[in-house]
Amino acid sequence: MSNRRTFLQRAVGLGAGLFAAQPLLASATDNHRDTASAELIKRANRRPTPGFNRPTITVDVGDAPYTMDGDTKVFRLTAQVIRRQIAPNKTITLWGYNGSAPGPTIQVNQGDHVRVIVRNELPEPTSVHWHGFEDTIGFDGMPGISQEPILPGESFTYEFHIHQTGTYFYHSHMAMQEMAGMLGAFIMHPRVPYHPSADKDFVLHFQEYAVLPNNIVPDTMKMEFNWLTINGRSGPAITPLIIRQGDYVRIRMINLGMDHHPIHIHGHTFYVTGTEGGRIPESAWWPGNTVLVGVAQARDVEFVANNPGDWMLHCHLPHHMMNQMAQQAGPMTRRDFPSYMQRGMRQNMMGLSPLQKQNMMAMDMSPTVLHRQVQEIAPNANDVPGFPQDAYMEGPMMDMERDPMLQMPELYGMRPGWSRYFQGMMTLMRVLPPEQYNEVVERMRRANRANDPYAPIFGEDASRRTTEGA
Ligand SMILES: [Cu+2]
C-alpha cells in the first residue's frame with residue numbers, strides 16, 4: 001500500500017540514484033577528455049610553431065642528398081646489390097639503393113619540383129614506383145604499363161611536382177626485388193608546418209627476411225621469416241630513438257613487407273595523426289599505444305614524450321620479437337646449455353667472413369655469462385612440458401654489449417645486460433631528462449660519423465625548453 005512515507009522513500013531512493021549516477025557520468029566524460037596525453041597535446045598545440053619543418057631522422061639509413069638544377073631538386077638513386085650487417089653476428093646480401101637497404105630517405109617540401117634519376121646496376125630489369133603520389137602516369141613506375149623497364153646499365157628519370165604532404169615511399173614494382181630490400185621513404189613536408197610542430201620526427205621501416213642458418217641471401221619466396229628488422233637492423237643493433245624529455249615526437253612507421261606489424265610503444269599514449277594518404281584532421285586523430293601498420297601502409301603517431309626512461313618500441317607479434325628463429329635450426333634443449341651454445345656457435349660460424357667471425361667472438365660467451373644463464377633455469381626444467389620457451393629464444397641469450405656494433409653513443413648509460421632480452425623488431429625510445437640527453441647527444445656529436453642521420457639535432461640549443469611540456 002502506498003502512502004506518503006513510502007512515496008518519499010521512493011523519491012529519495014530515486015533521487016539518490018540520480019545523484020549517484022551523475023558523478024559517474026561526469027568523471028567518465030572527464031576521463032575521456034583529459035587523458036594525460038590528450039592534455040599534453042593540447043598544451044603543445046598552444047606552443048608557437050617555429051615556421052619551418054624539422055627534418056626527419058631515419059636512424060641507420062640516413063637521407064639521399066640532392067643537387068639543384070635551376071628550381072629543380074635532383075636526387076640520384078642507384079639500384080644495386082649490397083651487403084648489410086643486420087645484427088652483431090649476421091651480415092646478409094640485399095638489393096637496395098645507394099649502398100643501403102632500405103634505401104635513403106628522400107625529403108622534399110610541398111611545392112618543390114623534384115627529379116629522381118634512377119640507375120640500374122642490377123643484373124635484371126627494374127623500375128621504381130612512387131607509392132601514393134598523385135602524379136602523371138608516365139612517372140608511376142609500372143613496367144610494361146607506364147614505362148619500359150629500366151634494363152641493366154640503363155637509367156630512367158622521374159619528375160614530380162610535389163603538391164601533397166605526408167609520409168610516402170618508393171619501391172621497386174618487381175615484387176621479389178621489393179622483398180630483397182628495394183624500398184625507401186619519401187617525406188613531403190608541408191608548406192605550412194603541421195601543428196603542433198615536432199621536436200623530433202623519426203622514420204621507421206619494418207621489414208622481415210628469411211635467411212636460413214649458414215646463408216647470407218634472403219629467400220624472397222619464403223613465408224616464414226627469421227630476421228625481423230627496423231631500418232634494416234635487428235635488435236639489439238637498431239640505433240635507439242634519442243628524445244629529450246618534453247619533446248613533441250612524431251614517428252612515421254612504414255611497412256613494405258609480407259607481414260603486418262602491430263607496433264607497440266611503452267610508457268606513452270600516442271595519437272595516430274597520419275596515414276599513407278597524408279595528414280589526418282586533428283578531430284579524427286585516435287589514441288592508442290599499439291598501431292597496426294599493415295602492408296603498404298604508413299602510420300604517423302605523435303605524442304609528448306613526458307615520461308623519462310628507456311622505453312621499448314616493438315612489433316607485438318611474438319615471432320617478430322626474435323632473431324634467427326627457423327624450424328630448420330633443429331630442436332633445442334637447455335640441459336647442457338653451454339655446450340649447446342658453443343656447438344651452435346661453431347655451426348653458425350661456417351661460411352662466415354672473418355669480420356663476421358670476429359663479431360661472433362665479440363659476444364660475451366664467457367663462463368660467467370653461460371653459468372648465469374644455466375643458473376636462471378630450474379633444476380627440473382627438462383621435466384616440464386613445453387620447456388624451453390623463452391629460455392632459449394626470447395629470454396636470456398647472450399650479452400652483446402661488447403660487440404663493436406653496439407658501441408654506439410646512443411646506448412650510453414643503458415642498464416648492463418639489457419641486450420640479453422632484446423631481439424628482432426625491437427628498439428628503444430630513450431626519453432632522457434635534459435642533463436642525460438645533453439650528455440648522450442654530446443657523445444653522438446663527438447663520434448663525428450659521416451652522414452649521421454642524427455646530424456640535424458646537433459645544432460640544437462642545449463638550453464631549449466628544460467621544463468615546458470615535461
Ligand atoms: Cu611484426
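Note on the range 121-134: residues that are closer than 13 Å to THR165 by Cα and more than 27 Å from the chain's Cα centre (by Cα) total 0. Contact map, the range 404-415: residues that are in contact (Cβ under 8 Å) with a residue 12 or more places away in the chain paired with residues that are surrounded by fewer than 19 Cβ atoms within 10 Å (Cβ to Cβ) and outside any loop (DSSP other than H, G, I, E, B), Cβ distance under 6 Å, separation 6+ or inter-chain. Pairs shown: PRO409/ARG443; PRO409/ALA447; TYR412/ARG443. Looking for something among the charged types (D, E, K, R), more than 14 Å from the ligand (Cβ to nearest atom), buried (at least 16 other Cβ atoms within 10 Å of the Cβ) and touching a residue at least 24 places away in the same chain (Cβ under 8 Å) - is there at least one such residue anywhere in the range 269-276? Taking every residue of the range 269-276 in turn, at least one turns out to be among the charged types (D, E, K, R), more than 14 Å from the ligand (Cβ to nearest atom), buried (at least 16 other Cβ atoms within 10 Å of the Cβ) and touching a residue at least 24 places away in the same chain (Cβ under 8 Å).
Which count do you get for residues in the range 211-235 that are free of Cβ contacts under 8 Å to residues at least 60 places away in the same chain and outside any loop (DSSP other than H, G, I, E, B)? Residues that pass the stated criteria total 0.
Only one entry of ASN214, ASN231 meets the criterion of being on the phi > 0 side of the Ramachandran plot and crowded, with 21+ Cβ neighbours inside 10 Å, and that entry is ASN231. Counting only strands (runs of 3 or more DSSP E) that fall entirely inside the range 1-120 and contain at least 3 residues that are over 30 Å from ILE162 (Cα atoms) and at pLDDT 70 or above, the qualifying elements are 72-87, 90-97. Identification of strands (runs of 3 or more DSSP E) wholly contained in the range 147-190 with 1 or more residues that are modelled with pLDDT of 95 or more and farther than 25 Å from ARG250 by Cβ yields 155-161, 166-172.
Only residues that are at pLDDT 90 or above, within 16 Å of the ligand (Cβ to nearest atom), crowded, with 17+ Cβ neighbours inside 10 Å and of a type outside the set (A, V, I, L, M, F, W, C) were counted in the range 304-336, giving 2. When ILE238 is tested against (1) in a strand (DSSP E or B); (2) in contact with a Leu (Cβ under 9 Å, 6 or more places away or on another chain); (3) under 30 Å from GLN389 (Cα atoms), just one condition goes unmet, and that condition is (1). Taken as a whole, the structure leaves ILE243 outside the set of residues that are under 11 Å from the mean Cα position of the chain (by Cα), at pLDDT 95 or above, away from the ligand (no atom under 12 Å from the Cβ) and assigned to a strand (DSSP E or B). The condition of being charged (D, E, K, R) and more than 18 Å from TRP311 (Cβ to Cβ) holds for only one of ASP247, ASP259, that being ASP259.
The values are calculated or read from the model by the stated rules, or taken from the named source; none is laboratory data. Fair warning: this is a prediction, and the values are worked out from it, not measured in the lab. Note that each Cβ is placed from the backbone with ideal geometry, even for glycine, and that neighbours are counted across all protein chains shown.
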